[in-house]
Structure formats: structure tokens, C-alpha cells
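Comments concern the structure below.
The values are calculated or read from the model by the stated rules, or taken from the named source; none is laboratory data. Worth saying up front: this structure is predicted, and the values here are computed from it rather than measured. Using ideal geometry, Cβ is built from the backbone for each residue, glycine included, and neighbour counts are taken over all protein chains shown.
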Amino acid sequence: MSVYTTVGRAELAAWLEPLALGALSDFAGIAAGMQNSNYFVTAGGVRRVLTVFEHLTPAQLDFYLALMAHLAARGIPCPQPLADSQGRYWRMLAGKPAALLSCLPGTDIEKPSIEDCAQLGATLARLHLAAADFPKPLPNPCGAAWRETVGRELLPQVNTDEYGRLLAELEFQATQDYSKLPQGIIHGDLFRDNVLWQGEQLSGVLDFYFAGSDALLFDLAVVANDWCVDTASLRELVAGYESVRPIADDEAQAWPALRRAAALRFWLLRLEIRHRPRAGAIVTIKDPDHFGRLLQQLCLAPAELPH
């Protein structure tokens, strides 16, 4: 269960008072998420989600929570943080920063259809456009500089086979300049478990805590690597995206390299958790080899953009 910080009922009730929501009637830990402590909280008859942030800085919290409020106000189905009378989205609880957010309906899906991929593509493009006027974005926390730094640091720790593949990919990515592509705020982590559905309707986009400014099409590459198991699903994902935001020619040319960069990003993240676990962190160690194999496939058979 992703509850690393225990919250007592009395201290939670006191923390909720400035939000003027009514009496606390129930709260329980949520067995989802890897980075933060999460609780369902019912107050005034309405269930919401309490997140206690384990590692984020105040600047990151200000950015992520304000971004979600900005997107929600523009019709993007994402959690909306509740502000107190002073306009604060987060305050300290049990010694950690915490925020209360709206609870979205729906569940995630394991095997999306091509229609689901099309709907997700359109939603992602709308998210990109809705975020275009958000002030003072932070850079992608796992962008090109992070990938180069962490990749080089991990080279002495990986096995011989991984070493050769990782070094080759780092050298390839060093030849790419994504900064000249259309830029904006990306979600950065839009895997299947971060999207909710009610029946056939997309009802929620979750977990914005890897968001930041980067090449917009990198975001679509992250989605493609997790959601699209064949050419048909990829074609519908891209068509859905382009129904809202057409993809430029230079983006299309960079697509094969962006797919590789997205696979590298998650391969590195999982290798880092395996080889350099954060002190005191309790996380689920996912198999890095999945993205290592995907990266190898993308190198051997570059995936052109179907647009």
C-alpha cells in the first residue's frame, strides 16, 4: 500500500478545518501510486483524495498543483486541488506537505481498444493546448539533461549487455536536438494506470508529478510506448492527437528518435530504482528489462509516425 506517512484522525480533522468542508466522516489509505502517500477522505459527505508528498520541493508542489487547477478550469478531466481561504493548495500535515484534490470517477484499463487510443490522443492534444498559457513552467524533470546524467552515472553499475546498449543509446541521443521542436508542458507519465475510464468515456487524467516543459511530441511517444501494441492502435492514437493539434513535419521526422528517448527515460528510471534506491523510500521495483527490450526493438526497427 502506498501509505508511507501515517496520518492520525485528529490531526487530519484539524488540517481540514481551513477548507471548511464539513465534518470528517471517513478516511482510508489507497493502495495505488509509488511516490506519495494517498488517502481517500470523506468530509461533508464528499469523497476526495488526500496526497502527502514524500519528496517534492515547495517549488515543484506550487507548479504541479497550480497546473492541475489551470487545466481543470479549462475542461481537462484532471484532479482539482482545493485551496484554503489564503489561496494555498498545500500545507504541512504529519511533517510533510499535503494537498486535498477532487476524486475523479472511473477505473483504469489494462487492454485499451483502438477507439480508446484515439480518444486518449485527442485528450492529450487538448491538454497540451490548455497548458500553453500556463505561466513559468518548470523543465521536464526527466528531460534530456537528466537522461544523460543518470545514464552516465548508471554505466558502472549495469551488466555488460546493458552497458553496451545504454552507452550506444546515450551517444545516439547526444546527437539529437529536441529543443527546436514545438515545446510546451507535457504530462510525462501518461501510462495506462494514470488514465480513468467510465465505460467507453475517458473520465480522468492522473499523476502530474512528472510534468514539465519539453518537446510536445515526447509526450505522445511516452503514450505510444505503453498504449500501442500494434500499428492500428498507434495510427488511431496519432489520428486522435492530430484531430486537435496537427503534427509538424520536423516533429514527424524526429518521431523515431523520440520513441527511443521515451523508452530510455523509463529504462533509466527503473534501473535507477534497482541500483540506487533512495534511502527510506518504499517503492515497487518494476522490471527495467521491459523498456530495455523495447528500446532495442525501436533501434532495430525504427517506428515511423503514421500521419
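Would you point out which residue out of 223, 238, 244 is out of contact with any strand residue (DSSP E or B) (no Cβ under 7 Å at 6 or more places or on another chain), of a type in the set (Val, Ile, Thr) and closer than 13 Å to residue 112 by Cβ?
Working: 238 fails: closer than 13 Å to residue 112 by Cβ; 244 fails: closer than 13 Å to residue 112 by Cβ.
Just one listed residue meets the conditions, 223.
Out of the range 93-122, which residues are surrounded by fewer than 19 Cβ atoms within 10 Å (Cβ to Cβ) and touching a strand residue (DSSP E or B) at 6+ places or on another chain (Cβ under 7 Å)?
Scanning the range 93-122 gives 94, 96, 102, 103, 104, 105, 106, 107, 108, 109.
Determine which member of the set 107, 160, 123 is free of Cβ contacts under 8 Å to residues at least 24 places away in the same chain, β-branched (Val, Ile, Thr) and not assigned by TED's automatic domain parsing to the domain that holds residue 74. Show your work before the answer.
Numbers: 107 fails: free of Cβ contacts under 8 Å to residues at least 24 places away in the same chain; 123 fails: free of Cβ contacts under 8 Å to residues at least 24 places away in the same chain.
It is 160.
Give the number of residues within the range 127-174 that are farther than 21 Å from residue 257 by Cβ and assigned to a loop (DSSP other than H, G, I, E, B). Steps first, answer last, please.
Our first condition is that a residue be farther than 21 Å from residue 257 by Cβ; within the range 127-174, this holds for 127, 129-138, 153, 156-161, 163.
In the following step, the residues that additionally are assigned to a loop (DSSP other than H, G, I, E, B) were identified as 131-138, 156-159.
Total satisfying the criteria: 12.
Any residue at all in the range 81-88 that's assigned to a strand (DSSP E or B) and either modelled with pLDDT of 95 or more or in the same structural domain as residue 125 (by TED's automatic domain parsing) (or both)? Working first, answer last.
Restricting attention to the range 81-88, the residues satisfying the condition of being assigned to a strand (DSSP E or B) are 81.
Now narrow it down to the ones that are either modelled with pLDDT of 95 or more or in the same structural domain as residue 125 (by TED's automatic domain parsing) (or both): 81.
Looking for residues that are assigned to a strand (DSSP E or B) and either modelled with pLDDT of 95 or more or in the same structural domain as residue 125 (by TED's automatic domain parsing) (or both), one finds at least one in the range 81-88, hence yes.
Restricting attention to the range 171-210, report how many residues are over 19 Å from the mean Cα position of the chain (by Cα) and surrounded by 17 or more Cβ atoms within 10 Å (Cβ to Cβ).
At the first step, the residues of the range 171-210 found to be over 19 Å from the mean Cα position of the chain (by Cα) are 171-182, 198-201.
Then keep just the ones that are surrounded by 17 or more Cβ atoms within 10 Å (Cβ to Cβ); that gives 173, 178, 181.
So the answer is 3.
Every residue, every condition in (1) under 14 Å from residue 182 (Cα atoms); (2) of a type in the set (S, T, N, Q); (3) touching a Ser or Thr at 6+ places or on another chain (Cβ under 8 Å), yes or no:
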| site | (1), (2), (3) |
| --- | --- |
| 213 | yes, yes, no |
| 231 | no, yes, no |
| 234 | no, no, no |
| 251 | yes, no, no |
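Kindly indicate whether residue 177 is modelled with pLDDT under 95, among the charged types (D, E, K, R) and either farther than 30 Å from residue 48 by Cβ or in the same structural domain as residue 58 (by TED's automatic domain parsing) (or both). I'd like the intermediate steps shown before the answer.
Numbers: modelled with pLDDT under 95: no; among the charged types (D, E, K, R): yes; either farther than 30 Å from residue 48 by Cβ or in the same structural domain as residue 58 (by TED's automatic domain parsing) (or both): yes.
When the stated conditions are applied, residue 177 does not pass them.
Which pairs have Cβ atoms under 8 Å, sit 6 or more apart or on different chains, and link a residue in the range 9-27 that is free of Cβ contacts under 8 Å to residues at least 40 places away in the same chain to one that is loosely packed, with under 12 Cβ neighbours inside 10 Å and among the basic types (Lys, Arg)?
Close Cβ pairs (under 8 Å, with a partner that is loosely packed, with under 12 Cβ neighbours inside 10 Å and among the basic types (Lys, Arg)) amount to 24/9; 27/9.
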